[in-house]
1. When you go through Leu81, Leu61, Leu18 one by one, which is the residue that is within 16 Å of ligand 2 (Cβ to nearest atom), touching a Gly at 6+ places or on another chain (Cβ under 7 Å), in a helix (DSSP H, G or I) and touching a residue at least 40 places away in the same chain (Cβ under 8 Å)?
2. Could you tell me which of the residues Asn94, Asn126, Asn110, Asn155 is assigned to a helix (DSSP H, G or I) and within 16 Å of ligand 1 (Cβ to nearest atom)?
3. State whether the residues of the range 96-109 include one that is under 16 Å from Leu18 (Cα atoms) and within 16 Å of ligand 2 (Cβ to nearest atom).
4. Within the range 127-160, count every residue that is within 15 Å of Glu10 (Cβ to Cβ) and either of a type in the set (D, E, K, R) or under 13 Å from the mean Cα position of the chain (by Cα) (or both).
5. Of all residues in the range 121-177, which are closer than 21 Å to Glu73 by Cα and among the hydroxyl-bearing types (Ser, Thr, Tyr)?
6. I need a count of the residues in the range 46-58 that are buried (at least 19 other Cβ atoms within 10 Å of the Cβ) and either within 16 Å of Glu97 (Cβ to Cβ) or more than 15 Å from ligand 2 (Cβ to nearest atom) (or both).
7. Do the conditions hold for Leu145, that is, is it in a helix (DSSP H, G or I), in contact with a His (Cβ under 9 Å, 6 or more places away or on another chain) and either more than 16 Å from ligand 2 (Cβ to nearest atom) or hydrophobic (A, V, I, L, M, F, W, C) (or both)?
8. Out of all the residues in the range 71-78, is one or more assigned to a helix (DSSP H, G or I), more than 15 Å from ligand 2 (Cβ to nearest atom) and touching an Asp or Glu at 6+ places or on another chain (Cβ under 7 Å)?
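Every number in this text was worked out from the coordinates using simple rules, so none of it is lab data. The structure displayed is predicted, hence computed values, not measured ones. No Cβ is skipped: glycine too gets one built from the backbone with ideal geometry, and neighbour counts run over all protein chains shown.
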Amino acid sequence: MNPIEELTKEHGPVKLMLRILEKASDQLEAGQEMNVSDLENAVAFIREFADKCHHGKEERLLFPAMEENNIAEEMAIIDALIEEHKIGRNFVKNMSEAIAEKDSSKFIKNARGYIALLNPHIDKENQKLFPMAGKSLSEEKQKELELGFEDIEKNVIGEGRHEELHAIIHKLKDKYL
Ligand SMILES: [Fe+2]
Ligand SMILES: [Fe+2]
């Protein structure tokens, strides 16, 4: 698959997980008890699929490839996106701690922070950065990215785990949405 299309497609399940998190936070706010296993699965999905795999493809391959072209407008957007990935990791770390501490309000606060950060982040990539990448990256470079992405899928995530993460999101979607 074309690497830009692949990243755009991956935003689908990430946005779906944000909707699940929103719903889970609403339920906690309404006084429901924490479902530790569901929330742990949600955090595992975010850590592995959204961060390690998807943000890994962006940070390790797409952004450096675009930076080689040295286009000021692209560089500025990329700097902001990398910063948002970092802020996101902190929200996820805090969500994970909140589950271990059974601290609902800490979980809600960080889940909502993550949702508010990542939705516009994804929109910025879909609407601004990815169309720029489609124009500024040569066909050869895009082919190179495609192969690099395959490598991340295989060696960073692994096929079996990829299937498990898909099963997690389907299960949570059926339960929460
Ligand atoms: Fe990103
Ligand atoms: Fe992304």
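1. On the way: Leu81 fails: touching a Gly at 6+ places or on another chain (Cβ under 7 Å); Leu18 fails: touching a Gly at 6+ places or on another chain (Cβ under 7 Å).
Being within 16 Å of ligand 2 (Cβ to nearest atom), touching a Gly at 6+ places or on another chain (Cβ under 7 Å), in a helix (DSSP H, G or I) and touching a residue at least 40 places away in the same chain (Cβ under 8 Å) holds for just one of Leu81, Leu61, Leu18, which is Leu61.
2. Numbers: Asn94 fails: within 16 Å of ligand 1 (Cβ to nearest atom); Asn110 fails: within 16 Å of ligand 1 (Cβ to nearest atom); Asn155 fails: within 16 Å of ligand 1 (Cβ to nearest atom).
Just a single option satisfies the conditions, and that option is Asn126.
3. Here is the first cut: in the range 96-109, the ones under 16 Å from Leu18 (Cα atoms) are 96, 107-109.
Now drop any that are not within 16 Å of ligand 2 (Cβ to nearest atom), which leaves none.
No - not one qualifying residue is present in the range 96-109.
4. First pass over the range 127-160, keeping only residues within 15 Å of Glu10 (Cβ to Cβ): 129-130, 133, 145-146, 148-150, 152-153, 156-157.
Cutting the leftovers down to either of a type in the set (D, E, K, R) or under 13 Å from the mean Cα position of the chain (by Cα) (or both) gives us 146, 150, 153.
So the answer is 3.
5. Ser136, Ser138, listed by residue number.
6. Of the residues in the range 46-58, 1 are buried (at least 19 other Cβ atoms within 10 Å of the Cβ) and either within 16 Å of Glu97 (Cβ to Cβ) or more than 15 Å from ligand 2 (Cβ to nearest atom) (or both).
7. On the way: in a helix (DSSP H, G or I): yes; in contact with a His (Cβ under 9 Å, 6 or more places away or on another chain): no; either more than 16 Å from ligand 2 (Cβ to nearest atom) or hydrophobic (A, V, I, L, M, F, W, C) (or both): yes.
In short, no.
8. Yes.
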